[in-house]
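Since every read-out is calculated from the coordinates, none of them should be taken as a lab result. Since we're looking at a predicted model, the values are computed, not measured. No Cβ is skipped: glycine too gets one built from the backbone with ideal geometry, and neighbour counts run over all protein chains shown.
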Amino acid sequence: MSVQLGDTAPDFTQDSTEGPIHFHEWAGDSWVVLFSHPKDYTPVCTTELGTVARLKPEFDKRNVKCIGLSVDPLKDHEGWSKDIAETQGVALNFPLLADADRRVSTLYEMIHPNADNTFTVRSVFIIGPDKKLKLSLTYPASTGRNFQEILRVIDSLQLTANYKVATPADWKHGEDVIIVPAVSNADAANLFPKGFREIKPYLRTTPQPNL
Ligand code: BEZ
């Protein structure tokens, strides 16, 4: 049974480039992005890990810890980390799990046997400080992920966790948001003092409330 939205993210202990990780303890009160890589010493993964390392200040600003995973052993991760620093101009600044025994990949169903029997697909799991799964994405090995999209989703998740709003298609931080249908117009007037626009009774927008 796969891990579904709202489930508690499975806990685990596994080796990493920063020593053994006891996952829930390591996560603490942070949000977490757990993402898998098919294999060490592969080109797309190399660029992805460099990109995430470069974006660390953006993740830090949002109280997010990133943690990568590949099913190769730690000694391969150590050699590959040097290549990442050399080719991407930035060193890994978050742990990379060495999931050689597939413990974590199996728990999170990151291996999709009809795609590849051995290596993980490109999974992304965003986990809240309550340890509940907030988002999962699955990309094929041949398509590198867009980490600006991951940051955009985190902005939406963090906003909608605190306000009775949802974010429209292609929304970005700073743009108007949608008032959830369960809020009446009378309550909306109190909840959103900047005002709101009623385009249809079910489609009402308001300026982003936490700005
Ligand atoms: C890559 O990361 O470059 C990659 C990994 C597996 C298959 C294809 C590409």
What pairs from LYS134/LYS164; LYS65/LYS132; LYS39/LYS131; LYS56/LYS132; LYS134/LYS194 go past 19 Å between their alpha carbons? LYS39/LYS131; LYS56/LYS132; LYS134/LYS194
For the chain, what are the per-bin percents of Cα-Cα distances with bins 10 Å wide, up to the bin holding the maximum? 8, 31, 31, 17, 10, 3, 0
Given 110-117, 129-136, the highest-first ranking by average Cβ count within 10 Å works out to 129-136, 110-117
Based on the mean of other beta carbon atoms within 10 Å per residue, what is the order of 118-125, 32-39, 157-164, most packed first? 32-39, 118-125, 157-164
With unit charges on the beta carbon (Lys/Arg positive, Asp/Glu negative), name the residue among THR8, HIS173, PHE196 whose Cα is farthest towards the positive pole of the charge dipole of the chain. PHE196
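Could you please rank THR8, THR51, placing first whichever residue has the fewest other Cβ atoms within 10 Å of its Cβ?
THR8, THR51
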Note to self: C-alpha centroids of region 155-208 and region 1-70 sit apart, in Å, by 31
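What percent do you get for the relative contact order of region 1-147 when only Cα pairs under 8 Å and 6+ apart count? Don't jump to the answer; show the numbers that get you there.
Working: 284 pairs, mean separation 49.9, N = 147.
For region 1-147, the relative contact order is 34 percent.
Report the charge-dipole magnitude of region 163-206 in Debye, nearest 20, computed about the Cα centre from +1 at each Lys and Arg Cβ and -1 at each Asp and Glu Cβ.
Working: 6 positive and 5 negative charges, 10 e Å.
The dipole magnitude comes to about 40 debye.
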With both bridge residues required to lie in the chain, what share of the DSSP beta bridges run antiparallel, to the nearest 5%? 65
